[in-house]
Structures are given as C-alpha cells and as structure tokens.
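Take a look at the structure below.
The values are calculated or read from the model by the stated rules, or taken from the named source; none is laboratory data. As the structure is a computational prediction, the values presented were derived from the model and not from experiment. A quick note on method: Cβ atoms are made from the backbone with ideal geometry, for glycine too, and the neighbour counts reach across all protein chains shown.
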C-alpha cells in the first residue's frame, strides 16, 4: 500500500524548513541553522535507508554502498540516478593480506573521496538567481558580493540533501562527511569523504 | 467598421513572420498594483517613464474590469460603479483590440494580473495566458529565493518565457 503526497507540498515544505531556520530560529547564525537542517536530513536518510534496504544482503564494500546510493536510493528520492560518479578510490580493502594491511590503511586515509554529480538536481530545478546586477538607488553593490549572497542562499538549501546522504551511509556502516557544490545551477555535486 | 478613417489612413503594422516577435510586451501585476514584471520585445514608441506607464496600465485595467462587470446584461447585481470586486466576481473581461495592437488580459484568483500586448491579428490568447501563469507558478512562486510581492528577477523564468512567447502565433 503506497500512499502519495503532492510534490508541490514537499517542495514548499523544504523551502519553508530552510526559511524558518535561517530567518526565524537562528537569525544571524547561519552555521547553527545549517547544522540543525543537516541533522534533520541525517534522521531522514537513516530512516529511508532502513526502509529501502529491507530485503537486500549487506554491501560487500564501500563502493557497492555508494553505488546503491547513486542508483536505487537516488531513484527512490528523485526519480533519476546520479549522472556521474568520480572517485580517487583505487585500493580495495583485502583483509587476508595481513602484511599489506598497514600500507593499505594509510592509503585509505588519503583516498576514499567520492563525487556524486547530478546534472539536474530536482530540489534545485525551480531555483534561479538574478540575471543581472541592479544598480539600485541605495548604492552600488559590487558584482562579487551579490554573487556571494545568492551562492550562500543556494547553499543553505543543500544542507538537507547532504544530511540525507550522510545518514544513509552511516546506517550502512560508513561514517563520512558530505558537502555540496553548486557552481552551475541546476547541476549539483555532492562530495563524500569517508572517515577511516 | 471604422467611421473616422479606413484602414488606408492608419494601416495595420506588417504581418508577423513565422519566426516570432508577435508579442510586443507583457506586464504582470499583483493584487496590490505592484508591477512584478515588465518584458518588452518590440515597442517602437515610448511616451511615459516606466513608473507612470505601469500605473497607467494598472489603472486602465482596474477601470475596464469594473466597467465591464457593471455593464453586464446577464447579471442581476446592481452595485455601484467603482466598488472594488474580488477576482472572479462578475463577468471577466479578457481582451480588447485596436487597429495597431491587441491587449489580452487574465486575472488569477489570487489577484495576479497578466497582460500581453500583441499584434492585432493574434487569435484568442486565453490558453497562452494560462500557460504563462503556470510558468509563473513553477519558476517564480516555487523559487525559494523569491520574496512574494517583489519584482521578479529570475533568469529561468525570463528565458522560458521568451522561448514560449517567440513560439506564439
């Protein structure tokens, strides 16, 4: 039995989460607001992963888990898969080879970064910024500053999906740190750094 | 039928080509008269500065709506002329045409008014205006970075709108 929810309602809810935390609960403290939003995402990711992996066997290694996030998890959430997965993951963990274990462990400290790129991130598809810089009567705003403000506003909306990814991977037994980068809307890259 | 001059004296502008530019300009107002958007694609003559132009347009439509609703022969209500009406109350005026342009109008239940000025040979644009209203909902209302009641500054909205309007016949 699948229950459905209007997508417009979901979009409005997500917009309002960011708006409430930034403008009402933690005014002038964007780092705190970001952390709270990310924590909500963490819970959501945790619960969603429990639900979506209910009939699957355990993942054999980190790459399999990341591939699950890119394909099945992303399809359930955003109706599409990740378009591009980049990694500098070169060495896979072989516990039988004891004498190489130490060397491999140190390798892991340097590697274990994954970049997930979505070329049309659904939650950013309606977002758009000023086409031109307006020189309003109050004074001239340098182009860099207004760019920064819009970049900051956009990045606030990415803490929730970052939290979801972090929660999902933690549930699968992979502690990590996730950050996002939107240099060109609506494409979006999530950088996952796996903690050893 | 024109009493004060035939079409030879004030000829219509040249017929539009298939490649677009049939629309001259577009206004979007909200319920309070704030001009949210003004787009111009083809306007050879400008007589007023933009503030006055917007006020004139808003006032014109407000009066026209009021007038057409009061002159409605099928309605039984006999209110006074000039009483403000809720959107959707009374009959809804949707376009007027002169020999040089056609103005199409649509008001949403939330009070958003869309005005499109086109070539006089344009057909009924009510469906197009509804589509433009949909674009407004998708790219402006749902944009987290937009504050309602302020002028629209959205690149996505502008590009999609331009693309759509170029395709209008």
Q) Can you find a residue in region A:76-92 that is within 14 Å of another protein chain (Cβ to nearest Cβ), in contact (Cβ under 8 Å) with a residue 40 or more places away in the chain and either within 21 Å of residue A:170 (Cβ to Cβ) or in contact with a strand residue (DSSP E or B) (Cβ under 9 Å, 6 or more places away or on another chain) (or both)? A) no
Q) Which condition number in (1) farther than 25 Å from residue A:125 by Cα; (2) free of Cβ contacts under 8 Å to residues at least 12 places away in the same chain is the one that residue B:102 fails? A) (2)
Q.
Give me the residue from region B:27-46 that is surrounded by fewer than 16 Cβ atoms within 10 Å (Cβ to Cβ) and in contact with a helix residue (DSSP H, G or I) (Cβ under 8 Å, 6 or more places away or on another chain) and, out of that set, nearest to residue B:105 (Cα to Cα).
A. B:33
Q: Could you list, in sequence order, all residues of region A:1-32 that are more than 14 Å from every other protein chain (Cβ to nearest Cβ) and either closer than 20 Å to residue A:127 by Cα or touching a strand residue (DSSP E or B) at 6+ places or on another chain (Cβ under 9 Å) (or both)?
A: A:30
Q) Which members of region B:133-169 meet the condition of being touching a residue at least 40 places away in the same chain (Cβ under 8 Å), away from chain A (no Cβ under 14 Å) and in contact with a helix residue (DSSP H, G or I) (Cβ under 9 Å, 6 or more places away or on another chain)? A) B:165, B:168
Q) Of A:183, A:150, which residue is at pLDDT below 90 and in a helix (DSSP H, G or I)? A) A:150
